[in-house]
Amino acid sequence: MMWRWILLAAVVCGLDQFTKALAATHLELHQPLALITGLQFRLTYNSGAAFSFLSDASGWQRWFFVVLTLLISSFIVAWIYRLQRTEIWTGVALGLVLGGALGNLWDRLALGAVLDFIDVYYGRWHWPAFNLADSAISVGAVILILASLDGEKAE
């Protein structure tokens, strides 16, 4: 049963890397490509974590986030391994989070920073740029919270 959630993580990671490759190929650094009002593509690289946390550090943060991601990913894989058949939403959530984490880990190892390209804005205010991996992590976290509030339990 665990393989379906590992497969979901692999698909998320693959789609994330595919969309990042498209962005790196077709976008110019920091140059916006308008899609609709409030949404554009803008290629950026984030050497920090969420909301560019620690992005201005001297470089140690890259390896800190690599190690942290490896530890968290190992924990998630162990959790997935222990899931029961009835814990479907928890499995989906963990698969999404794991896939997103591995997608961003790949960037940190290969590029030294995470490639972001989705830019949501209102007027002059911009939400921090993000990518498919970040979206998968966020959606997975929400599903995990909802599954725990709903009382999804192992039988």
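General observations
- The condition of being among the charged types (D, E, K, R), modelled with pLDDT under 95 and within 13 Å of the chain's Cα centre (by Cα) does not hold for Arg124.
- Only one entry of Gly48, Gly95 meets the criterion of being at pLDDT below 95, surrounded by 16 or more Cβ atoms within 10 Å (Cβ to Cβ) and within 26 Å of Ile145 (Cα to Cα), and that entry is Gly48.
- Arg42 being charged (D, E, K, R), modelled with pLDDT under 95, more than 19 Å from Val142 (Cβ to Cβ) and surrounded by 15 or more Cβ atoms within 10 Å (Cβ to Cβ): no
- Inter-residue pairs, beta-carbon under 8 Å, first among the hydroxyl-bearing types (Ser, Thr, Tyr) and in the stretch 105-119, second crowded, with 20+ Cβ neighbours inside 10 Å and not in a strand (DSSP E or B), 6+ apart: none
- Taken over the stretch 102-118, residues that are surrounded by 24 or more Cβ atoms within 10 Å (Cβ to Cβ) and either part of a helix (DSSP H, G or I) or on the phi > 0 side of the Ramachandran plot (or both) amount to 2.
The values are calculated or read from the model by the stated rules, or taken from the named source; none is laboratory data. What you are looking at is a predicted structure, and each value in this text was computed from that prediction instead of being measured. With ideal geometry, Cβ positions are generated from the backbone for all residues, glycine too; neighbour counts draw on all protein chains shown.
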